[in-house]
1. Expressed in nm to one decimal, what extension gain is obtained for the pair residue 180 and residue 112 from 0.36 nm per residue of sequence separation less their Cα-Cα distance?
2. Give me the number: length gained by fully extending residue 148 to residue 85, i.e. 0.36 nm times residue separation minus the C-alpha to C-alpha distance, one decimal in nm.
3. From the square roots a ≥ b ≥ c of the eigenvalues of the alpha-carbon gyration tensor of region 63-145, which class results: rounded (a/c under 1.5), prolate (a/b over b/c), or oblate?
4. If each Cα of region 59-99 is one equal point scatterer, what is log10 of I(q)/I(0) from the Debye formula at q = 0.14, 0.18, 0.21, 0.24 Å⁻¹?
5. By its C-alpha gyration tensor, with a ≥ b ≥ c as the square roots of the eigenvalues, how is region 26-186 shaped: rounded for a/c under 1.5, else prolate for a/b larger than b/c, else oblate?
């Protein structure tokens, strides 16, 4: 009988220690917002985001390009809506709530980003080396931190067209010609 009590006590002790270790070792999961959108033009689309505890996480946006033009960059914007005054910000670099490791840099799947530019309320993603062509679907992920006041917020999404090489070349040639003429007139 005494042996059975020791065994039961030992089992409960091991179970309690396991729960304690798991409770300390497993960090709070990031709040994830999954959004699916289809763009038929280049106009901004807006989604309201009601964040949850732990008030930081990432937005996973899956978009389909049905606009008829290739995209070379994509823009995320944070703003207040519905009488709420949110202090949510974009995050990049190192953070503790990243879904893999500690990297909170934005991503593009399939493919990769060439670069990005982050301010407090805007995240601009650039990927001219592997654009999103009409008919293609891609997923972008960006990280946000809403711990300051935990208010709902709005997110705006806007694609931008890849500049045509011919148009860019003609623009540069035209500008150079005008510069040359102006220089020649002065001489």
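Each value in this text was obtained by applying a stated rule to the coordinates, not by laboratory testing. Please read these numbers as outputs of a predicted model, since none were measured by experiment.
1. Here the segment from residue 180 to residue 112 would lengthen by 20.5 nm.
2. Extra length available between residue 148 and residue 85 comes to 21.6 nm.
3. oblate
4. With one equal scatterer per Cα and no solvent, log10 I(q)/I(0) is -0.59, -0.85, -0.97, -1.02.
5. prolate
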